[in-house]
Each structure stands twice: as C-alpha cells, then as structure tokens.
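The values are calculated or read from the model by the stated rules, or taken from the named source; none is laboratory data. Predicted, not measured: the structure shown is a model, and the values here were computed from it. We place every Cβ from the backbone using ideal geometry, glycine too, and count neighbours over all the protein chains shown.
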Amino acid sequence: MNTVDSLGHEWDPRIGRRVRDIASKGEGELTAIVREKVSGNGDESMYARLAYIKAANGIEWSTAPDNIQVLR
C-alpha cells in the first residue's frame with residue numbers, strides 16, 4: 001500500500017492519468033485513491049480503499065483500485 005495522508009488519500013503514480021475501470025468499462029482521469037472508513041470506532045474501525053475516476057463529461061464514480069487499468 002502507498003503512503004496515506006491525514007485525509008486518507010494515498011499517493012499513487014496513476015493519479016492524473018487516463019484510466020479504464022475494468023469493472024464498468026468506463027474511462028476517465030484517476031483523481032484519487034482514498035481509504036474510507038466503512039464501520040467501527042477506534043481500533044475496531046474498518047476501511048475500504050476506493051479509486052475515484054472522473055469522465056470527460058464530469059461524472060465521477062468509485063471503484064476498487066485493483067480495477068484500474070492505465071490507458072496510453
């Protein structure tokens with residue numbers, strides 16, 4: 001896993017690149033990979049990693065980071 005900042009954003013070399021979400025087949029720019037809290041408190045907290053993609057038409061969606069394929 002990459003370095004995570006105080007807001008839960010991970011550094012990733014693919015951010016800002018054109019990518020395809022292999023799950024939805026949607027394409028756009030990878031804008032962020034974030035660790036988001038999904039349940040629990042304190043040491044019992046559980047987190048999910050989500051990748052955010054923004055299409056040329058402005059629609060943004062999330063997917064699993066493993067679903068990201070960089071386009072040339």
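LEU7 meets the conditions (1) within 14 Å of the chain's Cα centre (by Cα); (2) assigned to a loop (DSSP other than H, G, I, E, B); (3) modelled with pLDDT of 95 or more in every case but one. The failed one is (3).
Every residue, every condition in (1) closer than 15 Å to VAL4 by Cβ; (2) surrounded by 10 or more Cβ atoms within 10 Å (Cβ to Cβ); (3) touching a residue at least 12 places away in the same chain (Cβ under 8 Å), yes or no:
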position	(1), (2), (3)
GLY16	no, yes, yes
ALA23	no, yes, yes
GLY26	no, yes, yes
ARG35	yes, yes, yes
ALA51	yes, yes, yes
ASN57	no, no, no
THR63	no, yes, yes
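The residues of the range 14-72 that are among the hydrophobic types (A, V, I, L, M, F, W, C) and over 14 Å from the mean Cα position of the chain (by Cα), listed by number, are VAL38, MET46, ALA56, ILE59, LEU71.
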